[in-house]
1. Do you know the relative contact order of the stretch 107-185, to the nearest whole percent, from alpha carbon pairs under 8 angstrom that are 6+ apart?
2. What's the longest bit of the chain with no exposed GluC sites (Glu not before Pro), using DSSP loop states and at most 14 other Cβ atoms within 10 Å as the test?
3. Between I114, I40, I141, which gets the highest mean-square fluctuation from a Gaussian network model of the chain, Cα cutoff 10 Å?
4. Between L107, L144, L61, which gets the highest mean-square fluctuation from a Gaussian network model of the chain, Cα cutoff 10 Å?
5. Starting from the amide H of S145, placed 1.01 Å from N in the peptide plane, find each other amide H under 5 Å away whose residue is 5 or more places distant or on another chain.
6. Can you run phi through the Karplus equation (6.51, -1.76, 1.60; θ = phi - 60°) for the stretch 150-157 and list ³J(HN,Hα) in whole Hz, with x for Gly and Pro?
7. Taking square-rooted eigenvalues a ≥ b ≥ c of the alpha carbon gyration tensor, is the stretch 107-185 rounded, prolate or oblate, where a/c under 1.5 means rounded and, failing that, a/b exceeding b/c means prolate?
8. Find the eigenvalues of the gyration tensor of the Cα atoms of the chain, then list the square roots of 5 times those eigenvalues as equivalent ellipsoid semi-axes, largest first, in whole angstrom.
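FYI, it's all coordinate maths here, none of it is from the lab. Because the structure is predicted, anything quoted here is derived from the model rather than measured. As a convention, Cβ positions derive from the backbone with ideal geometry for all residues, glycine included, and neighbour counts pool all protein chains shown.
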Amino acid sequence: MRYQISGKQIDIGEALQTHVKDELGAVVSKYAERPTDAQITFSRNAGEFACEAVVHLSTGLTAQAKGKAHEIYAAFDACAEKMDKQLRRYKRRLKDHHKDRVEPVELFGASSYILSSDADAGSEEPDSLQPIIVAEMETKIPSLSVGEAVMQMELAGAPVLVFRNEGKKTVNVVYRREDGNIGWIDP
C-alpha cells in the first residue's frame, strides 16, 4: 500500500510516519484484501491536533475517518480506531458485494461546480437569477449497485453520493435523510 503522510503547517517526524504505516497497515489489512493507497493528513487547530485518513481500496471503494486529540499520536489513534470500526462494520458487506466483482469499480468523468451562496450580498436583490460560479473542478462518478453506493456513502461519511447504477446504466443519487434513513433517487 502506498502512503502519503503530510502535515498542514506542522512537521511530521519519521517516528510518527513509521507509527502511522504500522498501525494503519494492520487495521486495513485485517478487513480489506487489497488496499491501494492511503492519504493521512495532520493539522493543528489551537491546542488540538486533527488527523484525517482516506484509504482507497482496489475495489473502488473509499474509507474515510477523522480523529482529534490534544496530542498528535492520540489524534491518529482515534482516527485509526474509527477506520477500524468502519471497516469491521462493513467487512461482511465488502466481501459479499465484491466476491463476484472481477474488475474494479468503473469511474466516469463529470464536472463539479461550487456556486456562491449569496450570503455576502446581504439584503440586496441580485442583478440576475444566474448563480455565480466560484470554482469549477473535475470529479469522478462511480458505477455501483445501490447497495454498494449506500455502503460507499457511509464509509466516506458523506451526506450524498451520485453514482451510475450498474443495473440500469442511469445516474442515481443516494442521500441521508433528516430522519436518519437513506433516500434513493432513481430517475
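1. This gives 24 percent for the stretch 107-185.
2. In the chain, the maximal stretch lacking such sites is 125-177.
3. Of the options given, I114 has the highest mean-square fluctuation.
4. L107
5. The list, which skips near neighbours in sequence, is E166.
6. Result, rounded to whole Hz: 5, 5, 5, 4, 5, 5, 7, x.
7. Judged from the Cα gyration tensor, the stretch 107-185 comes out prolate (a/c at least 1.5, a/b above b/c).
8. Output for the chain: semi-axes of 30, 26, 15 Å.
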